[in-house]
Amino acid sequence: MLLRWLERPSVYHVDNDELYEVDDQAFEFLKRCALKGGSAPEEGEFIAYCLSEGLLTERPRGVTAAPVRKSPEPSLRFLELLITERCNLRCRHCYIGDPGAEELPVADIVEVLDEFNRMQGLKVLITGGEPMMHGRFWELNDFLSGYPLRKVLLSNGLLLNSRNIRDLNVEEIQVSIDGLEASHDAIRGGGTFKRAMRALTLALDAGMDVSVSTMIHPGNLGDFDEMERLFRGMGVKEWTVDVPCPTGRMADNPGLVLEPERAGRFLRYGFGGGFHSGGEGFACGLHLVSVLPDGGVARCAFYSDRAAGHISEGLERCWRRIRPLRLSEIGCDCEAVEECRGGCRYRAELLGDPMGKDLFRCAAFSREAGTPG
Ligand code: SF4
Ligand code: SF4
């Protein structure tokens with residue numbers, strides 16, 4: 001349980017990845033319990049209720065509670081940390097392209113996490129490249145246990161094994177799986193499907209939450225129903241489905257590019273949360289920032305060529321420079337706008353107009369499009 005003073009006083013259930021708004025009185029009470037270590041005797045019944053609901057916990061997490069201060073507005077809830085450019089795969093659809101060797105020093109990562117925690121952050125997404133290729137990954141992993149945040153490792157799964165999985169100080173592992181065996185291996189390399197699935201199984205057996213990320217490509221269009229059955233059956237918590245952007249290595253593989261009408265329908269697949277969505281009245285990325293391997297701070301990883309600043313200036317200073325985009329500013333006027341929130345702004349830009357429609361999302365929300373598959 002993590003007390004967070006966001007736009008409204010809130011409680012974040014780190015293990016369940018659920019955020020609750022509470023009123024001022026409840027917030028003050030919880031703050032007293034969490035930070036001062038005590039409560040009045042007449043509050044015993046309420047405490048018992050909170051314990052039974054998992055809102056309070058007696059289990060020591062071995063961490064120091066961050067001082068509760070008001071977050072900036074909009075609040076920064078999700079931090080995507082691209083800790084390294086290195087990767088052990090050469091996926092044909094990778095938006096990054098051929099990997100360099102840049103990586104964030106551990107000391108810088110720790111500073112960024114400290115500041116994110118003070119800013120009332122909720123969830124950190126550790127990614128790359130392949131994050132486990134970071135030269136000092138295990139040293140960084142040791143530091144992670146000191147943060148009360150929800151830590152998610154986004155990996156291709158290849159470096160996970162039965163010996164190291166239980167040493168990871170993360171609550172969730174997200175593995176990229178881009179289809180059933182044939183279509184996944186065709187894009188990621190022979191034998192990688194089995195290894196990715198093995199990583200999922202190991203993480204589940206170790207009691208971690210697991211999620212899956214899937215990119216839509218011409219080879220996997222017939223796989224989605226079966227993938228859904230597979231992932232639900234295994235107990236996958238969240239399944240993110242997206243369309244790769246034609247940048248990086250994908251630009252050298254034009255055969256992988258799908259038209260919005262063809263690919264967009266598959267965006268209806270997937271389940272669980274997602275950190276890209278905006279908030280009421282705002283477009284995507286309202287509560288998200290990305291820290292790049294060179295220390296740049298950008299709206300999201302796709303905007304690496306337009307960083308808002310550098311971590312050496314401080315995360316909060318960079319965050320305050322990123323202007324949230326209102327739905328009223330973009331050219332979306334359809335009924336689904338509050339649900340879709342204009343889709344992905346970067347994709348809209350690639351389609352010709354950063355303030356235009358994300359035609360892939362339009363296809364996903366189109367009533368005429370019928371059932372995917
Ligand atoms: S531009 Fe696309 S990738 Fe970036 S935050 Fe928005 S939805 Fe996510
Ligand atoms: S469905 Fe299309 S028009 Fe509607 S909000 Fe999404 S991107 Fe905009």
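Values quoted throughout were computed directly from the atomic coordinates according to the rules given, and no laboratory measurement underlies them. Here the structure is a predicted model, which is why all the values come from computation and not from measurement. Ideal geometry is used to build each Cβ from the backbone, glycine not excepted, and the neighbour counts take in all protein chains shown.
Each of Ala101 and Asp353 was given a label point 7 Å from its Cα along the Cα-to-Cβ line. The distance between the two points is 4.6 nm.
Within the chain, antiparallel bridges make up roughly 35 percent of the DSSP beta bridges whose residues both belong there.
Amide H contacts under 5 Å for Gly285: Ser277, Gly278, restricted to partners 5 or more places along the chain or on a different chain, H placed in the peptide plane at 1.01 Å from N. If R0 equals 45 Å, the separation of the Cβ atoms of Asp252 and His13 corresponds to a calculated FRET efficiency of about 0.55.
Can you give me the Cα centroid spacing of segment 218-284 and segment 67-111 in angstrom? Comparing the Cα centres of segment 218-284 and segment 67-111, I get a distance of 21 Å.
For the peptides 3-15, 170-182, the ranking by mean Cβ contacts within 10 Å, running from highest to lowest, is 170-182, 3-15.
Under the rule a/c < 1.5 gives rounded, and otherwise a/b versus b/c splits prolate from oblate, where does segment 191-330 land using the Cα gyration tensor?
Details: a/c = 1.75, a/b = 1.47, b/c = 1.19.
Taking the square roots of the gyration eigenvalues as a ≥ b ≥ c, segment 191-330 is prolate.
Highest mean packing first, where packing is the average number of other Cβ atoms within 10 Å per residue, the peptides 77-90, 253-266, 103-116 line up as 77-90, 103-116, 253-266. For the residue pairs Lys70/Lys151; Lys123/Lys237; Lys237/Lys357, the C-alpha atoms sit more than 18 angstrom apart in Lys70/Lys151; Lys237/Lys357.
If the elastic network links every pair of Cα atoms under 10 Å, which of Val124, Val289, Val337 fluctuates the most in the Gaussian network model of the chain? Per the Cα network of the chain with a 10 Å cutoff, Val337 tops the list. Mean-square fluctuations from a GNM of the chain, with a 10 angstrom spring cutoff on Cα atoms, peak among Arg198, Arg32, Arg118 at Arg32.
Other residues with beta-carbon under 13 Å from the beta-carbon of Pro324 carry, at +1 per Lys or Arg and -1 per Asp or Glu, a net charge of +4. What number comes out for the charge environment of Ser71, summing +1 per Lys or Arg and -1 per Asp or Glu over other residues with Cβ under 11 Å away? Neighbour charge sum, excluding Ser71 itself: +3. Around the amide H of Cys332, modelled in the peptide plane, lies no amide H under 5 Å away from a residue 5 or more places distant or on another chain.
Taking Ala186, Ala336, Ala298 in turn, the Gaussian network model of the chain (Cα-Cα springs below 10 Å) assigns the largest fluctuation to Ala336.
Placing a pseudo-label 7 Å from each Cα along the Cα-to-Cβ vector at Ile165 and Val110 gives an inter-label distance of 3.0 nm.
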